[in-house]
Amino acid sequence: MYRFLALILFFSFQAGRLFPQQNVHPQSTHYEWPTDPLVKQKLDKWQDQKFGMIIHWGLYAVPGMIESWALCSEDWIERDSTQSYDDFKKWYWGLSKGFNPVKFNPEQWAKAGKDAGMRYLVFTTKHHDGFCMFDTKQTDFSIAKGPFKNNPRADVAKYVFDAFRKQGFMIGAYFSKPDWHTEYYWWPKYATPDRNNNYDIRKHPWRWNQFKQYTYNQIGELMHNYGAVDLLWLDGGWVRPLETVNEEVRSWGAAIPAWSQDIDMPRIASMAREAQPGLLIVDRTVHGPYENYQTPEQKIPEKQLDHPWESCMTLGNAWGYVPNDQYKSASQVIHSLIEVVAKGGSLLLGVGPRADGTIPEQAVSRLEEIGKWTAVNSAAIYQTRSAPVYNDGNTWFTRSRDGKTKYALVCIKESSVLPLVIEWRGNVPAKGSKMVLIESGKAVKWTSVGNKVKLYLPANLVKRLKTAPALAFSFTAVE
Ligand code: GLC
């Protein structure tokens with residue numbers, strides 16, 4: 001009996017060494033698979049898309065500052081110390097009078113996204129500042145009521161969604177649950193010391209009910225008046241039922257009020273799904289039936305995950321437009337995309353248009369560069385699923401949906417020349433399998449010893465390409 005146990009232990013240890021980073025498929029205790037067949041179907045479709053664009057566009061684009069957050073009085077937030085908080089708020093709200101995006105060009109955005117190889121969109125219909133980028137009946141604090149109101153495309157969200165739909169994107173509405181502009185969330189009677197609603201909901205249930213209705217109505221407008229929507233991406237995870245506050249929320253370091261900021265998600269979700277059957281709802285960090293996939297932010301999970309997820313990351317340093325932002329290199333983005341996909345997720349990359357309605361040229365050219373790679377290597381990324389052995393060093397693995405084809409994606413260190421020989425461990429090709437370099441469609445020579453695989457790149461290819469962000473290969477693997 002003990003010898004048997006010792007043998008099992010020995011072999012599992014060896015297997016761990018033979019297959020580095022072999023996925024142990026940790027079952028998430030937090031993820032709840034949807035049961036509605038239409039939602040499941042949409043989730044599966046969404047998992048095929050892999051690469052999306054999140055666009056932060058709102059009042060903050062006017063001065064070119066970080067989105068919304070300066071309105072909030074938490075002590076980590078930097079503001080000009082010569083101006084009082086109240087004056088700052090007045091100034092910020094007043095930005096709505098100068099927001100006139102006369103060059104509003106969602107076709108340019110959609111083309112840039114398409115050229116990059118992106119396949120789904122998430123657009124900020126309303127950020128925490130409460131300024132609406134859609135025509136809402138609930139408030140005048142919107143792009144459709146300011147200086148842009150007489151423009152035929154004043155209902156901005158509609159034209160953004162249309163432009164991306166035309167390029168075949170799945171369509172997502174970002175919507176912030178907290179709203180720092182409505183008096184139902186930040187009651188002007190009291191100070192606004194932090195991100196939370198600023199009154200005790202237990203003492204003022206009427207006001208909170210107004211807020212619930214306000215939120216319900218706005219989401220209702222988005223779900224009914226903007227054509228087919230695939231995704232409702234709800235930000236502001238501190239607006240949640242008190243009993244769902246967990247360690248993760250506490251780790252944000254923000255104040256947690258004694259009352260429940262419950263907006264009745266079941267009611268919102270059933271209305272939204274009645275209008276948009278199969279709608280994916282991403283109630284970020286509020287684990288449960290309305291978090292259809294999880295959304296780690298500005299980071300990639302350490303290991304492969306067995307539930308649907310997406311890393312959202314900025315192309316520059318900020319979510320929205322700020323002047324002279326430093327953009328990540330195409331290589332960096334491609335490497336992240338590869339790692340994310342191999343770990344079973346999708347990459348949602350953040351871009352911020354300027355106040356005039358255009359995306360900065362530098363961002364556009366970065367996206368184009370990314371697209372040069374995704375266009376020729378698409379087979380190894382889109383419509384793939386994760387492979388049990390998903391990584392060895394700089395090499396990441398994916399597989400086709402039917403599991404018959406494996407893909408190896410070898411990340412090349414930025415601006416270094418291509419090697420003549422590539423090696424990895426695990427995912428040994430089946431005897432006689434062709435190893436095809438996807439970008440050329442040509443077979444390359446390979447050998448294997450044990451679980452070590454060696455590829456020999458043709459010298460003329462190395463000479464021609466010199467360098468590349470990554471090389472992708474397809475082959476049939478032994479399980
Ligand atoms: C963070 C930011 C928020 C932004 C979001 C996008 O939560 O605080 O402003 O919209 O990331 O993922």
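Within segment 159-172, none of the residues are within 16 Å of the ligand (Cβ to nearest atom) and of a type in the set (Phe, Trp, Tyr). For the residues 352, 371, the requirement of being within 16 Å of the ligand (Cβ to nearest atom) and crowded, with 17+ Cβ neighbours inside 10 Å singles out 352.
Contact map, segment 353-364: first residue in a loop (DSSP other than H, G, I, E, B), second residue among the basic types (Lys, Arg) and open to solvent by 20 Å² or more (accessible area, probe 1.4 Å), Cβ cut-off under 6 Å, separation 6 or more or different chains; pairs are 356/103; 357/103; 358/103.
Within segment 449-469, is even one residue among the β-branched types (Val, Ile, Thr), within 29 Å of the chain's Cα centre (by Cα), over 29 Å from residue 47 (Cβ atoms) and not in a strand (DSSP E or B)? Looking for residues that are among the β-branched types (Val, Ile, Thr), within 29 Å of the chain's Cα centre (by Cα), over 29 Å from residue 47 (Cβ atoms) and not in a strand (DSSP E or B), one finds at least one in segment 449-469, hence yes.
One residue stands out in segment 54-69 among those that are closer than 20 Å to residue 192 by Cα and open to solvent by 10 Å² or more (accessible area, probe 1.4 Å): the one that is farthest from the ligand (Cβ to nearest atom), namely 66.
For segment 292-305, which residues satisfy the criterion of being open to solvent by less than 20 Å² (accessible area, probe 1.4 Å) and touching a Gly at 6+ places or on another chain (Cβ under 8 Å)?
If the condition is that a residue be open to solvent by less than 20 Å² (accessible area, probe 1.4 Å) and touching a Gly at 6+ places or on another chain (Cβ under 8 Å), then 304 is the only one that fits.
Looking only at segment 70-114, count how many residues are part of a helix (DSSP H, G or I) and either outside the structural domain of residue 132 (by TED's automatic domain parsing) or away from the ligand (no atom under 16 Å from the Cβ) (or both). Let's see the steps before the verdict.
Taking segment 70-114 and keeping what is part of a helix (DSSP H, G or I), we get 70-71, 85-98, 106-114.
Filter once more, so that each one left must be either outside the structural domain of residue 132 (by TED's automatic domain parsing) or away from the ligand (no atom under 16 Å from the Cβ) (or both): 85-91, 93-98, 106-114.
Total satisfying the criteria: 22.
Only one entry of 335, 307 meets the criterion of being assigned to a helix (DSSP H, G or I), outside the structural domain of residue 409 (by TED's automatic domain parsing), farther than 20 Å from residue 56 by Cβ and in contact (Cβ under 8 Å) with a residue 24 or more places away in the chain, and that entry is 335.
Looking only at segment 187-202, decide whether some residue is over 30 Å from residue 48 (Cα atoms), among the hydrophobic types (A, V, I, L, M, F, W, C) and open to solvent by 60 Å² or more (accessible area, probe 1.4 Å).
There is at least one residue in segment 187-202 that is over 30 Å from residue 48 (Cα atoms), among the hydrophobic types (A, V, I, L, M, F, W, C) and open to solvent by 60 Å² or more (accessible area, probe 1.4 Å).
On inspection, residue 430 does not qualify as among the small types (Gly, Ala, Ser), surrounded by 14 or more Cβ atoms within 10 Å (Cβ to Cβ) and within 20 Å of residue 379 (Cα to Cα).
Okay, residues lined up against (1) more than 15 Å from the ligand (Cβ to nearest atom); (2) within 29 Å of residue 207 (Cα to Cα); (3) surrounded by fewer than 15 Cβ atoms within 10 Å (Cβ to Cβ):
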site: 255; (1), (2), (3): yes, yes, yes
site: 265; (1), (2), (3): yes, yes, no
site: 270; (1), (2), (3): yes, yes, yes
site: 290; (1), (2), (3): yes, yes, no
site: 307; (1), (2), (3): yes, no, no
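For segment 115-167, the set of residues classified as outside any loop (DSSP other than H, G, I, E, B) and open to solvent by 20 Å² or more (accessible area, probe 1.4 Å) consists of 115, 158, 159, 162, 165, 166, listed by residue number. Among the residues of segment 317-328, is there at least one that is among the polar types (S, T, N, Q), farther than 30 Å from residue 35 by Cα, open to solvent by less than 20 Å² (accessible area, probe 1.4 Å) and in the same structural domain as residue 68 (by TED's automatic domain parsing)? No, segment 317-328 has no match at all. Going through segment 80-94 one residue at a time, which ones are open to solvent by 20 Å² or more (accessible area, probe 1.4 Å), at pLDDT 95 or above and not small (Gly, Ala, Ser)? Across segment 80-94, the qualifying residues are 82, 83, 85, 86, 87, 89, 90, 91, 93. One residue stands out among those in segment 433-464 that are among the charged types (D, E, K, R) and more than 25 Å from residue 375 (Cβ to Cβ): the one that is surrounded by the fewest Cβ atoms within 10 Å (Cβ to Cβ), which is 445.
The number of residues in segment 216-253 being within 16 Å of the ligand (Cβ to nearest atom), at pLDDT below 95 and in a loop (DSSP other than H, G, I, E, B) comes to 2. Selection of first residues in segment 51-73 that are under 30 Å from residue 385 (Cα atoms) and of second residues that are open to solvent by 10 Å² or more (accessible area, probe 1.4 Å) and within 9 Å of the ligand (Cβ to nearest atom), restricted to Cβ pairs under 6 Å at least 6 apart or on distinct chains, gives the following pairs, ordered by first then second residue: 56/67; 56/319.
Here 243, 248 are screened, and the one residue that is open to solvent by 30 Å² or more (accessible area, probe 1.4 Å) and under 27 Å from residue 44 (Cβ atoms) is 248.
Among the residues making up segment 168-184, those that are crowded, with 17+ Cβ neighbours inside 10 Å, touching a residue at least 40 places away in the same chain (Cβ under 8 Å) and either out of contact with any strand residue (DSSP E or B) (no Cβ under 6 Å at 6 or more places or on another chain) or not hydroxyl-bearing (Ser, Thr, Tyr) (or both) are 169, 170, 171, 172, 173, 175, 177, 178, 179, 180, 181, 182.
The values are calculated or read from the model by the stated rules, or taken from the named source; none is laboratory data. Because the structure is predicted, anything quoted here is derived from the model rather than measured. Ideal geometry is used to build each Cβ from the backbone, glycine not excepted, and the neighbour counts take in all protein chains shown. Areas reflect the complete protein model, heavy atoms only, side chains present, ligands, DNA and RNA absent. Shrake-Rupley method; radii C 1.70, N 1.55, O 1.52, S 1.80 Å.
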